[in-house]
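Notes for the one structure printed next.
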Amino acid sequence: MADELTTEETHDREREEAAARRFHPSAAREAVAPAAPDEHAVASIFDCRKVAVFYSEKRAIRDVDIDLRQNEISALIGPSGCGKSTFLRCLNRMNDLIPGARVDGEIVYHGENLYASNIDPVQVRKRIGMVFQKPNPFPKSIYDNIAFGPRVMGMKGSMDEIVEGALRRGALWDEVKDRLKTNAFGMSGGQQQRLCIARALATEPDVLLMDEPCSALDPISTGRIEDLMLELKTKISIVIVTHNMQQAARVSDRTAFFTVELDETGKNRTGAVVEYDRTDKIFTNPSDSRTQDYVSGKFG
Ligand code: ADP
């Protein structure tokens, strides 16, 4: 009798299994058409429709209508305060963790509304990982930083292999394989950031969200992370917020340019997307004069 589940427990288990299936990358990959050479046929991973975010009464962004594509790097650029990080946090429901924050509109991830009542935000964040501006390793060994997520998730298989795999994908294995048990705080800033990327990769996410991941790094470490992003996009999709326009031009496939608009009272500032297109178009032949002014450095 002890092994029998109550009806409620059975439903809980079914819901959990459905959520895990829904957000498992292999399931996600099966659910979409294979990438085709025609750019219009490249599968979108997020379809965002009229997305708005409020912090209490204040509207931070409005009417964001963009499709982010699978196995691409999408860059979000624009002046400070235009809502790039706010929008990025919508994509893995991180804004749910901010008291008073509210998301309106629709974000469809692999065909499912990310904000539907049956979607578990914890499952979402497992499948859609995040890396922040400042490297934030845990005060633990390099090994335990990587093993943390897989342990919490109860991932099956050899932990040594999971750790090695993630560190290899994070382009860090050769530098740290002989000191896995040493504290992560002993690493350089660039290594710490690659550790955070490897940590995010350890739970096998489908998407990586990066919020200015190189702004605290020197040019050599920045170059390593950019190379890593280009390698990773063959397997996952990446959305990056960057202040560095050269970086957006170097690594991204598509770019969304955000700006801040003032309402008629001149008091309320709201972020909005001016233009979203292929990165080469945004940087060489944008459709909107505001984009042209920003990318040419006239304003920003
Ligand atoms: P960006 O990333 O483009 O610099 P943000 O998304 O950080 O812009 O901010 C957009 C707007 O939302 C700004 O006016 C900012 O002050 C506001 N904002 C951001 N985070 C919060 C928060 N946690 N609480 C209240 N307002 C916020």
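The values are calculated or read from the model by the stated rules, or taken from the named source; none is laboratory data. Keep in mind that this is a model prediction, so the values were computed, not measured. FYI the Cβ positions are ideal-geometry reconstructions off the backbone, even for glycines, and counts take in every protein chain you see.
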Count of residues meeting criterion [closer than 18 Å to Arg62 by Cβ, within 19 Å of the chain's Cα centre (by Cα) and small (Gly, Ala, Ser)] in region 241-270: 1
Condition broken by Thr291, with the remaining ones in (1) in contact (Cβ under 8 Å) with a residue 40 or more places away in the chain; (2) buried (at least 22 other Cβ atoms within 10 Å of the Cβ) satisfied: (1)
Counted residues, region 73-121 - those being in a helix (DSSP H, G or I) and more than 16 Å from the ligand (Cβ to nearest atom): 1
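Across region 53-65, what is the number of residues that are crowded, with 20+ Cβ neighbours inside 10 Å and away from the ligand (no atom under 11 Å from the Cβ)?
So the first thing to find is which residues in region 53-65 are crowded, with 20+ Cβ neighbours inside 10 Å, and the list is 53, 60-61, 64.
Add one more test, that the residue is away from the ligand (no atom under 11 Å from the Cβ), and what stays is 64.
Residues flagged as crowded, with 20+ Cβ neighbours inside 10 Å and away from the ligand (no atom under 11 Å from the Cβ) within region 53-65 amount to 1.
Any residue in region 191-207 that is free of Cβ contacts under 8 Å to residues at least 40 places away in the same chain and either loosely packed, with under 15 Cβ neighbours inside 10 Å or out of contact with any Ser or Thr (no Cβ under 6 Å at 6 or more places or on another chain) (or both)? I'd like the intermediate steps shown before the answer.
Start the filter on region 191-207 by keeping residues that are free of Cβ contacts under 8 Å to residues at least 40 places away in the same chain, which leaves 191, 194.
Going one step further and asking which of them are either loosely packed, with under 15 Cβ neighbours inside 10 Å or out of contact with any Ser or Thr (no Cβ under 6 Å at 6 or more places or on another chain) (or both), we end up with 191, 194.
There is at least one residue in region 191-207 that is free of Cβ contacts under 8 Å to residues at least 40 places away in the same chain and either loosely packed, with under 15 Cβ neighbours inside 10 Å or out of contact with any Ser or Thr (no Cβ under 6 Å at 6 or more places or on another chain) (or both).
Among helices (runs of 4 or more DSSP H) lying entirely in region 122-204, which contain 1 or more residues that are over 22 Å from Asn95 (Cα atoms) and aromatic (Phe, Trp, Tyr)? If you could, list the steps in order and put the result at the bottom.
On the way: elements: 142-153, 159-169, 173-176, 189-201.
Per the criteria, 142-153, 173-176.
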Selection within region 149-167 - within 20 Å of the chain's Cα centre (by Cα) and surrounded by fewer than 16 Cβ atoms within 10 Å (Cβ to Cβ): Met153
Region 223-271, residues that are of a type in the set (A, V, I, L, M, F, W, C), within 16 Å of the ligand (Cβ to nearest atom) and touching a residue at least 24 places away in the same chain (Cβ under 8 Å): Val239, Ile240, Val241, Met245, Ala248, Ala256, Phe257, Phe258, Val260
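Which one of these is under 24 Å from Ser44 (Cβ atoms) and either of a type in the set (Asp, Glu) or out of contact with any Gly (no Cβ under 7 Å at 6 or more places or on another chain) (or both): Pro205, Pro219, Pro213? Working first, answer last.
On the way: Pro205 fails: either of a type in the set (Asp, Glu) or out of contact with any Gly (no Cβ under 7 Å at 6 or more places or on another chain) (or both); Pro219 fails: under 24 Å from Ser44 (Cβ atoms).
Checking each option against the conditions leaves just Pro213.
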All positions within region 272-300 that are farther than 16 Å from Leu76 by Cα and within 15 Å of the ligand (Cβ to nearest atom): Phe299
Test: Ala101 is in contact with a Gly (Cβ under 6 Å, 6 or more places away or on another chain), buried (at least 17 other Cβ atoms within 10 Å of the Cβ) and touching a residue at least 24 places away in the same chain (Cβ under 8 Å): no
Residue that is in contact with an Asp or Glu (Cβ under 6 Å, 6 or more places away or on another chain), modelled with pLDDT of 95 or more and closer than 30 Å to Gly165 by Cα, where the choices are Val207, Val251: Val251
